[in-house]
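Written out below as structure tokens is the structure these notes cover.
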Amino acid sequence: MFEMSRVPEKSDVVRSDLNGRGEGVVGVMSGRNKIALHKGSMLALQNHYDGKFQGMRVAFASSADTPFAEKVGRASLKLLEVVPGVTVWDLVVGRDWEGVDVNQIGRQPPLSSNKAKSHFPRLKEATGIRYDRMLFFDDCNWGDHCTMVATGCRESDTGVGPVTVRTPRGLGETEWQIGLEKYEEQTKKLSLA
């Protein structure tokens with residue numbers, strides 16, 4: 001988001017088909033740049049909206065570089081729709097966390113560039129969800145947050161951290177499926193332990 005030129009507003013929305021679910025906000029413009037969900041992100045959020053994964057809740061851990069980038073990210077989440085009339089923010093903050101913003105977006109203190117040391121401990125504290133019950137997708141191309149989080153955020157009783165999936169080109173449908181499979185595998189192993 002550090003490359004974006006302005007914070008998106010309602011007048012900046014791009015409307016089109018929401019993955020066969022009707023017309024809605026599929027993108028927002030920040031100057032000449034369009035911000036949109038990747039196909040796997042849309043599928044994941046629509047599956048979640050439909051209640052396909054009972055007990056699943058979503059939160060964001062983003063290392064947006066600047067306070068401006070944070071504003072762009074949050075504004076985009078409040079405009080982009082999962083299904084017509086329901087924004088990402090409505091679903092994640094409104095439904096999942098009953099209006100409480102548990103998301104860890106940015107790098108400004110107390111957050112840092114190391115998600116294992118700041119974002120994830122804060123997510124665990126805010127949500128009460130154990131590390132070994134988390135699934136993390138990360139699109140960072142200049143560092144390996146997945147390894148840092150998987151090894152740096154382990155539960156003391158199981159020695160297991162979040163399931164992680166690197167998505168250097170964004171969350172596609174294949175990566176979403178891989179994440180679900182890895183999560184199911186880890187859950188089965190933990191239940192047998």
Quiz prompt | In order through the stretch 100-105: 3J(HN,Hα) via Karplus (6.51 cos²θ - 1.76 cosθ + 1.60), integer Hz, x for Gly, Pro | solution = 8, 7, 8, 4, 10, 10
Quiz item: What's the FRET efficiency of Ala126 with Ser11 using the Cβ-Cβ distance as r and R₀ = 25 Å, to the nearest 0.05?
Solution: 0.15
Self-check item: All lysines inside 29 Å of Lys39 as judged from Cα atoms, apart from same-chain residues fewer than 8 positions distant
Solution: Lys10, Lys52, Lys71, Lys78, Lys115, Lys124, Lys182, Lys188
Quiz item: Taking θ as phi - 60°, what are the ³J(HN,Hα) couplings along the stretch 84-90 by the Karplus curve (6.51, -1.76, 1.60), each to the nearest whole Hz, with x for Gly and Pro?
Solution: x, x, 10, 7, 4, 4, 4
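After finding the eigenvalues of the alpha carbon gyration tensor for the stretch 77-148, what semi-axes result from the square roots of 5 times each, listed largest first in whole Å?
On the way: eigenvalues 108, 46, 30 Å².
Over the Cα atoms of the stretch 77-148, the ellipsoid semi-axes are 23, 15, 12 Å.
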Quiz item: Rounded to the nearest 5, what is the percent of antiparallel bridges among the DSSP beta bridges in the chain?
Solution: 65 percent
Quiz prompt | Mean-position separation - Cα centroids, the stretch 24-53 and the stretch 64-139, in angstrom | solution = 15 Å
Quiz item: Dividing the Cα radius of gyration by the Kirkwood radius, what Rg/Rh value follows for the chain?
Solution: 0.95
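Laboratory data are not the source of any read-out in this text; all were calculated from the coordinates shown. Keep in mind it's a predicted model, so treat the numbers as computed, not measured. Please note: Cβ atoms are built from the backbone with ideal geometry, for glycine as well, and neighbour counts cover all protein chains shown.
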